[in-house]
Amino acid sequence: MSSPGYMLRDIPQEQRPRERMLHHGAGALSHAELLAILLRTGTRQESAIHVAQRILSEAGSLRSLVDLTIEELVQIKGVGPAKAVQLKAGIELGQRLSQSRLPSSPTIRSPRDAADLLMEQLRYLQKEHFVCLFLNTKNHVIAQETLSMGSLNAAIVHPREVFRAAIKCSSASLICAHNHPSGDPTPSPEDIKLTKRLLEAGEIVGIEVLDHVVIGDGKFVSLKEQGFI
(Lines give C-alpha, C1' and ligand atoms only; values in the text may rest on other atoms or scores of the structure.)
Protein backbone atom coordinates (compact mmCIF):
# COMPACT_ATOMS: atom_id res chain seq x y z
CA MET A 1 0.00 0.00 0.00
CA SER A 2 1.26 3.49 -0.78
CA SER A 3 2.29 5.92 1.92
CA PRO A 4 0.20 9.05 2.78
CA GLY A 5 0.25 11.67 0.06
CA TYR A 6 0.99 9.24 -2.75
CA MET A 7 -1.48 9.06 -5.61
CA LEU A 8 -2.91 5.87 -7.06
CA ARG A 9 -0.77 6.40 -10.17
CA ASP A 10 2.29 6.05 -7.93
CA ILE A 11 1.24 2.53 -6.95
CA PRO A 12 2.57 -0.22 -9.24
CA GLN A 13 -0.07 -1.34 -11.73
CA GLU A 14 -0.34 -4.87 -10.32
CA GLN A 15 -0.98 -3.52 -6.79
CA ARG A 16 -3.90 -1.28 -7.71
CA PRO A 17 -7.31 -2.43 -6.40
CA ARG A 18 -8.95 -3.00 -9.77
CA GLU A 19 -5.98 -4.93 -11.12
CA ARG A 20 -5.73 -6.99 -7.93
CA MET A 21 -9.42 -7.82 -8.15
CA LEU A 22 -9.10 -8.87 -11.77
CA HIS A 23 -6.18 -11.16 -11.01
CA HIS A 24 -7.00 -12.44 -7.52
CA GLY A 25 -10.76 -11.98 -7.07
CA ALA A 26 -12.76 -9.72 -4.78
CA GLY A 27 -12.04 -11.88 -1.73
CA ALA A 28 -8.35 -10.92 -1.83
CA LEU A 29 -9.06 -7.21 -1.37
CA SER A 30 -9.20 -5.29 1.90
CA HIS A 31 -12.26 -3.26 2.95
CA ALA A 32 -10.44 -0.08 1.90
CA GLU A 33 -9.56 -1.47 -1.52
CA LEU A 34 -13.16 -2.49 -2.19
CA LEU A 35 -14.36 0.96 -1.12
CA ALA A 36 -11.73 2.55 -3.36
CA ILE A 37 -13.16 0.70 -6.35
CA LEU A 38 -16.61 2.09 -5.53
CA LEU A 39 -15.17 5.58 -5.15
CA ARG A 40 -13.30 5.24 -8.47
CA THR A 41 -11.17 8.35 -7.89
CA GLY A 42 -9.54 10.15 -5.01
CA THR A 43 -8.68 13.82 -4.70
CA ARG A 44 -5.78 15.87 -6.05
CA GLN A 45 -3.89 15.20 -2.83
CA GLU A 46 -4.91 11.62 -2.06
CA SER A 47 -5.57 8.34 -3.79
CA ALA A 48 -8.95 6.65 -3.66
CA ILE A 49 -7.47 4.13 -1.23
CA HIS A 50 -6.51 6.87 1.23
CA VAL A 51 -9.98 8.41 1.00
CA ALA A 52 -11.45 4.94 1.60
CA GLN A 53 -9.20 4.38 4.62
CA ARG A 54 -10.34 7.68 6.12
CA ILE A 55 -14.01 6.83 5.51
CA LEU A 56 -13.55 3.58 7.44
CA SER A 57 -11.65 5.38 10.18
CA GLU A 58 -14.32 8.02 10.63
CA ALA A 59 -17.13 5.46 10.45
CA GLY A 60 -15.38 3.36 13.10
CA SER A 61 -16.01 0.03 11.36
CA LEU A 62 -17.35 -1.45 8.19
CA ARG A 63 -20.62 -2.23 9.96
CA SER A 64 -20.97 1.38 11.14
CA LEU A 65 -20.49 2.57 7.56
CA VAL A 66 -23.92 1.12 6.78
CA ASP A 67 -25.56 3.59 9.14
CA LEU A 68 -23.97 6.72 7.68
CA THR A 69 -26.34 8.88 5.67
CA ILE A 70 -25.40 10.58 2.41
CA GLU A 71 -25.24 13.87 4.31
CA GLU A 72 -22.81 12.39 6.83
CA LEU A 73 -20.65 10.86 4.09
CA VAL A 74 -20.38 14.20 2.32
CA GLN A 75 -18.90 15.69 5.48
CA ILE A 76 -15.89 13.37 5.14
CA LYS A 77 -12.97 15.00 3.34
CA GLY A 78 -12.70 13.76 -0.24
CA VAL A 79 -16.30 12.52 -0.44
CA GLY A 80 -18.63 14.66 -2.50
CA PRO A 81 -22.30 14.00 -3.29
CA ALA A 82 -21.48 11.77 -6.27
CA LYS A 83 -19.11 9.53 -4.28
CA ALA A 84 -21.55 9.42 -1.34
CA VAL A 85 -24.32 8.22 -3.66
CA GLN A 86 -22.01 5.57 -5.18
CA LEU A 87 -21.12 4.27 -1.73
CA LYS A 88 -24.72 4.19 -0.51
CA ALA A 89 -25.81 2.38 -3.69
CA GLY A 90 -23.11 -0.27 -3.17
CA ILE A 91 -24.06 -0.68 0.49
CA GLU A 92 -27.75 -0.96 -0.37
CA LEU A 93 -27.06 -3.66 -2.96
CA GLY A 94 -25.03 -5.59 -0.38
CA GLN A 95 -27.85 -5.36 2.15
CA ARG A 96 -30.46 -6.49 -0.35
CA LEU A 97 -28.27 -9.42 -1.37
CA SER A 98 -27.80 -10.47 2.25
CA GLN A 99 -31.56 -10.42 2.77
CA SER A 100 -32.38 -12.30 -0.42
CA ARG A 101 -32.90 -16.03 -0.57
CA LEU A 102 -32.28 -18.43 -3.41
CA PRO A 103 -35.52 -19.56 -5.03
CA SER A 104 -36.38 -23.09 -4.00
CA SER A 105 -34.98 -25.54 -6.51
CA PRO A 106 -37.29 -28.28 -7.78
CA THR A 107 -36.32 -31.75 -6.64
CA ILE A 108 -36.58 -34.57 -9.15
CA ARG A 109 -37.59 -37.84 -7.48
CA SER A 110 -39.28 -39.54 -10.43
CA PRO A 111 -39.83 -39.25 -14.19
CA ARG A 112 -43.19 -37.64 -13.37
CA ASP A 113 -41.41 -34.80 -11.55
CA ALA A 114 -39.28 -34.05 -14.61
CA ALA A 115 -42.27 -34.30 -16.93
CA ASP A 116 -44.37 -32.00 -14.73
CA LEU A 117 -41.57 -29.44 -14.70
CA LEU A 118 -41.22 -29.40 -18.49
CA MET A 119 -44.65 -30.34 -19.84
CA GLU A 120 -46.12 -26.85 -20.22
CA GLN A 121 -42.86 -25.52 -21.63
CA LEU A 122 -42.59 -28.16 -24.34
CA ARG A 123 -45.99 -29.67 -25.18
CA TYR A 124 -47.15 -26.99 -27.66
CA LEU A 125 -43.87 -26.37 -29.48
CA GLN A 126 -43.93 -26.98 -33.23
CA LYS A 127 -40.28 -28.05 -33.36
CA GLU A 128 -38.43 -30.58 -31.28
CA HIS A 129 -36.50 -28.99 -28.43
CA PHE A 130 -33.85 -30.98 -26.59
CA VAL A 131 -33.57 -29.83 -22.97
CA CYS A 132 -31.36 -30.93 -20.10
CA LEU A 133 -32.07 -30.61 -16.40
CA PHE A 134 -28.82 -30.51 -14.43
CA LEU A 135 -29.00 -31.80 -10.87
CA ASN A 136 -26.82 -31.65 -7.77
CA THR A 137 -26.09 -34.59 -5.47
CA LYS A 138 -29.49 -34.11 -3.77
CA ASN A 139 -31.34 -34.20 -7.09
CA HIS A 140 -32.18 -30.51 -6.90
CA VAL A 141 -32.37 -28.82 -10.31
CA ILE A 142 -29.49 -26.34 -10.45
CA ALA A 143 -29.80 -25.43 -14.14
CA GLN A 144 -31.86 -26.02 -17.24
CA GLU A 145 -30.63 -25.56 -20.78
CA THR A 146 -32.06 -26.03 -24.26
CA LEU A 147 -29.27 -27.57 -26.32
CA SER A 148 -30.91 -27.98 -29.71
CA MET A 149 -34.03 -27.20 -31.72
CA GLY A 150 -35.20 -29.00 -34.84
CA SER A 151 -35.35 -32.66 -35.80
CA LEU A 152 -33.78 -34.75 -33.09
CA ASN A 153 -30.95 -37.01 -34.17
CA ALA A 154 -27.50 -37.94 -33.01
CA ALA A 155 -25.88 -35.40 -35.33
CA ILE A 156 -27.77 -32.44 -33.86
CA VAL A 157 -27.52 -33.36 -30.17
CA HIS A 158 -23.92 -34.32 -29.50
CA PRO A 159 -22.87 -35.71 -26.11
CA ARG A 160 -20.03 -33.18 -26.12
CA GLU A 161 -22.49 -30.28 -25.89
CA VAL A 162 -24.55 -31.99 -23.19
CA PHE A 163 -21.64 -32.74 -20.90
CA ARG A 164 -19.88 -29.45 -21.55
CA ALA A 165 -23.01 -27.75 -20.17
CA ALA A 166 -23.16 -30.22 -17.26
CA ILE A 167 -19.54 -29.61 -16.29
CA LYS A 168 -19.99 -25.84 -16.54
CA CYS A 169 -22.64 -25.89 -13.80
CA SER A 170 -20.90 -28.60 -11.70
CA SER A 171 -23.77 -31.01 -12.22
CA ALA A 172 -23.68 -34.40 -10.50
CA SER A 173 -26.28 -35.92 -12.81
CA LEU A 174 -28.70 -34.92 -15.52
CA ILE A 175 -32.04 -35.69 -17.08
CA CYS A 176 -32.59 -35.25 -20.80
CA ALA A 177 -35.95 -34.40 -22.29
CA HIS A 178 -37.40 -33.48 -25.64
CA ASN A 179 -40.84 -32.99 -27.10
CA HIS A 180 -42.62 -34.68 -29.97
CA PRO A 181 -44.67 -32.02 -31.81
CA SER A 182 -47.03 -34.78 -32.99
CA GLY A 183 -48.21 -35.12 -29.39
CA ASP A 184 -47.28 -38.82 -29.32
CA PRO A 185 -44.40 -39.38 -26.88
CA THR A 186 -43.51 -42.86 -28.14
CA PRO A 187 -39.69 -42.95 -28.40
CA SER A 188 -38.27 -43.25 -31.91
CA PRO A 189 -35.26 -45.42 -32.80
CA GLU A 190 -33.24 -42.15 -32.96
CA ASP A 191 -34.33 -41.29 -29.41
CA ILE A 192 -33.14 -44.65 -28.15
CA LYS A 193 -29.86 -44.44 -30.06
CA LEU A 194 -29.12 -40.98 -28.71
CA THR A 195 -29.93 -42.09 -25.17
CA LYS A 196 -27.43 -44.93 -25.37
CA ARG A 197 -24.73 -42.55 -26.65
CA LEU A 198 -25.39 -40.17 -23.78
CA LEU A 199 -25.27 -43.01 -21.25
CA GLU A 200 -21.88 -44.13 -22.57
CA ALA A 201 -20.50 -40.60 -22.49
CA GLY A 202 -21.84 -40.05 -18.98
CA GLU A 203 -20.02 -43.12 -17.73
CA ILE A 204 -16.78 -41.79 -19.16
CA VAL A 205 -17.01 -38.31 -17.62
CA GLY A 206 -18.61 -39.47 -14.36
CA ILE A 207 -21.93 -37.62 -14.73
CA GLU A 208 -24.91 -39.97 -14.57
CA VAL A 209 -27.74 -39.72 -17.08
CA LEU A 210 -30.76 -40.49 -14.89
CA ASP A 211 -33.42 -40.48 -17.58
CA HIS A 212 -34.52 -39.33 -21.01
CA VAL A 213 -38.11 -38.13 -20.96
CA VAL A 214 -40.12 -37.68 -24.15
CA ILE A 215 -42.89 -35.12 -23.81
CA GLY A 216 -46.11 -35.35 -25.81
CA ASP A 217 -49.39 -33.49 -25.54
CA GLY A 218 -50.18 -34.03 -21.86
CA LYS A 219 -48.39 -37.37 -21.94
CA PHE A 220 -44.80 -38.48 -21.49
CA VAL A 221 -42.62 -41.56 -21.76
CA SER A 222 -39.59 -42.24 -19.59
CA LEU A 223 -36.88 -44.23 -21.33
CA LYS A 224 -35.73 -45.35 -17.90
CA GLU A 225 -39.15 -46.79 -17.15
CA GLN A 226 -39.09 -48.39 -20.60
CA GLY A 227 -35.87 -50.20 -19.67
CA PHE A 228 -33.47 -48.33 -21.97
CA ILE A 229 -31.55 -46.83 -19.02
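Quick one: is Thr195 at pLDDT 90 or above, under 26 Å from Asp217 (Cα atoms), of a type outside the set (D, E, K, R) and part of a loop (DSSP other than H, G, I, E, B)? For Thr195, the condition - at pLDDT 90 or above, under 26 Å from Asp217 (Cα atoms), of a type outside the set (D, E, K, R) and part of a loop (DSSP other than H, G, I, E, B) - is not met. Can we say Ser171 is surrounded by 21 or more Cβ atoms within 10 Å (Cβ to Cβ), touching a residue at least 40 places away in the same chain (Cβ under 8 Å) and of a type in the set (Ser, Thr, Tyr)? Criteria not met by Ser171. Among the residues making up the stretch 198-229, those that are part of a loop (DSSP other than H, G, I, E, B) and touching a residue at least 40 places away in the same chain (Cβ under 8 Å) are Ile207, Gly216, Asp217, Gly218, Lys224, Glu225, Phe228.
Could you list all residues from the stretch 30-42 that are in a loop (DSSP other than H, G, I, E, B) and open to solvent by 40 Å² or more (accessible area, probe 1.4 Å)? Passing the criteria: Ser30, Arg40, Thr41.
For the stretch 155-163, the criterion of being over 22 Å from the mean Cα position of the chain (by Cα) and either surrounded by fewer than 16 Cβ atoms within 10 Å (Cβ to Cβ) or at pLDDT 95 or above (or both) is met by at least one residue. Within the stretch 174-189, identify whether any single residue is more than 20 Å from Leu118 (Cα to Cα), open to solvent by 40 Å² or more (accessible area, probe 1.4 Å) and in a helix (DSSP H, G or I), and answer yes or no. Yes, the stretch 174-189 contains at least one residue that is more than 20 Å from Leu118 (Cα to Cα), open to solvent by 40 Å² or more (accessible area, probe 1.4 Å) and in a helix (DSSP H, G or I).
The values are calculated or read from the model by the stated rules, or taken from the named source; none is laboratory data. All figures in this text were calculated on a predicted structure; none of them were measured in a lab. Every residue, glycine as well, gets a Cβ built from its backbone with ideal geometry; the counts of neighbours run over all protein chains shown. Accessible surface is based on the protein model in full, side chains and every heavy atom, while ligands, DNA and RNA are left aside. Shrake-Rupley method; radii C 1.70, N 1.55, O 1.52, S 1.80 Å.
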